[in-house]
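Structure record follows, encoded as structure tokens.
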Amino acid sequence: MKRLLPVAILLSGCTTVGPDYRQPDTPVPANYFEPGATGTVDLATWWHGFGDPQLSALVDQALRQNLDIEMAAARIREARATEHAAGADALPSVSAEASVTRQRISENAIPAPPGSGQQGGAFGLPGSEFTTWRVGFDASWELDLFGRNVREREAARARTGAAVWSRHDAEVTVAAEVASAYLRLRTVQARIANAEAELARQKRLDEITAARVRGGLVDGQNLQAQRADRAAAAAAIAPLQAQAKAEIHALGVLTGSTPEALAAQLSAAASLPVPPAIPAGLPSDLLRRRPDIRAAERELAAATADIGVAVADLYPRISLTAAPALVSTALGSLLEWGSRSFSAGAALDWPLFDGGRRRANIEARNARQEQAMIAYRKAILTALQDVEDALARVDAGRRQIADLEQALASSRRAADIARTRSRGGLVAGDEPLIADGRSIKLQDQLTDARGALARDTVALAKALGGGWAEQQGASQ
């Protein structure tokens, strides 16, 4: 064994076959096409930019307790264990063994050859019984001649990095989902208030129409039409209330609790927070910031290392074995020098013909690497699209809100004029209520647009990869 050790050390430093991984060049535009805003929001904790303590508390709670994030953390532990196992395969394996065997020689055993000094079997006289004691070690080591274990460790390490980045991607997604659900809740609650104001207006119109019927100014058809409008206004409230409850239930699950856990905390209406201006930065920042891109890049690295594992299967595999032991038929003499036993050997395994299986396996690994490359490129293009779409929606939302605010201001001035004229007897008594109806409708549209802008801002933060801290970056 001592003679084999220098040869083993020399051979263990042989060539590592297969392609060496280099991160591919991925050109991206110098700037985004859609207009962006300037701001100082920290992408790692962008939800604090909304200035809503309840929103911040919910997101922070979800990042601690969300089950998707916990599952992603478990996958990291699995990947690290697999990486450790891959590293262990390159080291010698040693196992201790001990045994005791009781044996009886058959009385009809084959006689010993003449002159051997034995009568009967080779281990004792026919009909004799004896016990054999044995303690020792078994050691084996497969030499990594062509870097098979090196490539396996590279692949495992890359997949650990992919698992870490996938957890960051889960954090990005969960933070965005919690914020979107919260903003939908506040939007719906505001719309419920608008719907209730519309119902109150319809009730007042109902009273005026009923009084006109009694005065003979209009007939029953007008009253029935008005009551239909009143019933329709009432019917619009229940679906909004159900949607609000659904958002509360979603937030409960997202924060790792039961659906009804946050009902008491969130059922009371609160104002919709104003979204911050989130700077888009440069497209090149996405390659560093987006966890899904980083995960795809690590998967590409793993797929490249897998090719080397497959290529190494074409070459010889040499393994060394040794089995030192102490063997004796008497326990008292087991530890004596004369009880020593030893065996050592080397084995060569070189595939000569397998019907093309190993070559086909290499082709399959190459195809998987090509798929990983395509997935990486697609992740980059999808990220760019996500940002461009979000920027376009945010810009359109701001312009829509400005127009609706102007329309609502004009509608409210018209309603004030109608009330003034009604008090002077210049217009009918229901004219102010009709004007209020236009204002309520515009207010509802404005509320919906503000909620959409807030959620589009969340989508922009998610598209930019916001929601994880730089100091928690994945290992490469």
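The candidate values are (1) 1.01; (2) 0.97; (3) 1.30; the one derived from this structure for Rg/Rh (Cα atoms, Kirkwood Rh) carries the label (3).
If only the Cβ of Lys and Arg carry +1 and only the Cβ of Asp and Glu carry -1, the dipole of the range 356-437 around its Cα centre is close to 760 debye. When a/c is below 1.5 the answer is rounded, else prolate if a/b is larger than b/c, else oblate, so apply that to the range 268-336 with a ≥ b ≥ c taken from the square roots of the Cα gyration tensor eigenvalues. Oblate is the answer for the range 268-336, as a/c is 1.5 or above yet b/c matches or exceeds a/b.
The relative contact order of the chain, computed from alpha carbon pairs under 8 Å that lie at least 6 residues apart in sequence, is 26 percent. Counting charges near residue 82 (Lys, Arg +1; Asp, Glu -1) among other residues having Cβ under 12 Å from its Cβ returns a value of +2.
Summing charges over neighbours of residue 265, with a neighbour being any other residue whose Cβ is under 15 Å away from its Cβ, gives -2 when K and R count +1 and D and E count -1. Between residue 219 and residue 321, the simple spin-label model (points 7 angstrom out along Cα→Cβ) gives 10.7 nm. Taking 0.36 nm per residue of separation and subtracting the Cα-Cα distance, full extension of the segment from residue 37 to residue 89 would add 13.4 nm.
If Lys and Arg each add +1 and Asp and Glu each add -1, what is the summed charge of the other residues whose beta carbon sits under 13 Å from the beta carbon of residue 134? Write out the running numbers ahead of the final one.
On the way: positive: 102, 340; negative: 97, 138.
After counting each charged neighbour, the total is 0.
Take 259-272, 237-250 and order them by the average number of nearby Cβ atoms within 10 Å per residue, most first; the result is 237-250, 259-272.
As an exercise, use a Förster radius of 22 Å and the Cβ-Cβ distance of residue 469 and residue 57 to find the FRET efficiency, rounded to the nearest 0.05. Don't jump to the answer; show the numbers that get you there.
Details: r = 18 Å, r/R0 = 0.81.
Efficiency, from the Cβ-Cβ distance: 0.80.
Put in line by how crowded their Cβ is, counting other Cβ atoms within 10 Å and starting with the fewest, 353, 50, 130 read 353, 130, 50.
The modelled label-to-label distance between residue 335 and residue 395, using points 7 Å beyond Cα along the C-beta direction, is 8.6 nm.
In this label model, residue 228 and residue 73 are separated by 5.9 nm, measuring between points 7 Å along each Cα→Cβ vector.
Residues 177, 336, ranked from the fewest to the most other C-beta atoms within 10 Å, line up as 336, 177. Extension gain for residue 407-residue 371 works out to 7.7 nm (0.36 nm per residue, less the C-alpha to C-alpha distance).
Quick note: the coordinates plus some simple rules give every number you see, no bench work behind them. Since the structure is predicted, the reported quantities are computational estimates derived from the model, not experimental observations. Because the Cβ atoms are built from the backbone with ideal geometry, glycine has one as well, and the counts that use them run over all protein chains shown.
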